[in-house]
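The values are calculated or read from the model by the stated rules, or taken from the named source; none is laboratory data. Worth saying up front: this structure is predicted, and the values here are computed from it rather than measured. All Cβ positions, glycine included, derive from the backbone under ideal geometry; neighbour counts span all protein chains shown. Surface accessibility is based on the protein's heavy atoms, side chains included, excluding ligands, DNA and RNA. Shrake-Rupley method; radii C 1.70, N 1.55, O 1.52, S 1.80 Å.
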Amino acid sequence: MPVLVIEHEADASMGRFQPWLTAAGCTVDIRRPAAGDALPTDLTGYAGLVVLGGSPAAWEDEVAPWLPATRALIRRGVQDRVPTLGLCLGGQLMALALGGRVERGAAGWECGVVTVRPTAAAVGDPLVGHLPGDGLPAAQWHSDVVVELPVGARLLVAGSTYENQVFGVGDRAWGVQFHPEVTVADFCTWGALAPPSGVDVDAAYAQVRALDEALGAAWKPLADGFAGQVHDYSRSRL
């Protein structure tokens, strides 16, 4: 049973997650709705859902007309307990789909590498339970933020500028504000077309280049944990 991956933009790809999930024994079905790929109406036949990042806001259905269908799939994944993971825009779509609030961040853009830290709720979590108390580096590139979690969601990882960095819903769904999947190659294209206001793009690029190895080591356990959830779900459907 493959994992359905929704890719909004070519330069916001699966990145590191492609080899990590493959090495963990997962297969993926990547759908690119901006390029004309149809999205399924439900998750029948899938063992997981990953929604990647992208430049539209989570509420900009007129910019990205496939967002309502994406939010519906997220809701279906949570309802049916299919392992579901949203990354940056994907995490914001999860929050919005489940009744949370997403807005432009009051502190402006967050770009580059910042330290994120686990909360008490992260202990034992299969995706972020590996975080040490003093945190790990995370690659950030966003101006929209989850300002209110869905009812019943658990804050698992927090940041200093924007608090809601990873949240969990139920036992098989996670929304992530940062980019655990991003490669240096993808990250270092993001400022080319529209440099974010007030951000030293070259400095942000330099941070990610310098910490490439550390970022990989920090977030491979998250991908492996998600793969474990996918395998558990697959076995439960046999």
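Per residue, how much accessible surface does the chain expose to a 1.4 Å probe? Answer in Å², no decimals.
41
Give the label of the value calculated from the structure for Rg and Dmax of the Cα atoms in Å, choosing from (i) 17.4, 49; (ii) 16.2, 52; (iii) 19.8, 61.
(ii)
Among bridges DSSP assigns within the chain, what percent are antiparallel (round to 5)?
60
Just grab the label-to-label distance for ARG235 and ARG101, each label 7 Å out from Cα along the Cβ direction, in nm (one decimal).
Between ARG235 and ARG101, the simple spin-label model gives 4.2 nm.
Roughly what would the spin-label model give for ALA69 and ALA38, points 7 Å off Cα along C-beta, in nm?
Taking the two extended label points, one gets 0.8 nm.
Quantify, in whole percent, the carbon and sulfur part of the accessible surface of the chain (1.4 Å probe; protein heavy atoms only).
Looking at the chain in its full context, I get 53 percent from C and S.
Using amide H atoms built 1.01 Å from N in the peptide plane, name the residues 5+ places from VAL147, or on other chains, whose amide H lies under 5 Å from its own.
ARG101, VAL102, GLU103
Return the single residue from VAL63, VAL166, VAL199 with maximal mean-square fluctuation; model: Gaussian network over the chain, springs between Cα atoms under 10 Å.
The residue with the greatest mean-square fluctuation here is VAL63.
Compute the distance in nm between two label points, each set 7 Å from the Cα along the Cα-to-Cβ direction, one at GLU163 and one at THR22.
The answer from the label model is 4.1 nm.
GNM on the chain, C-alpha springs below 10 Å: top fluctuator among GLY48, GLY191, GLY86?
With Cα springs under 10 Å in the chain, the top fluctuation among GLY48, GLY191, GLY86 is at GLY191.
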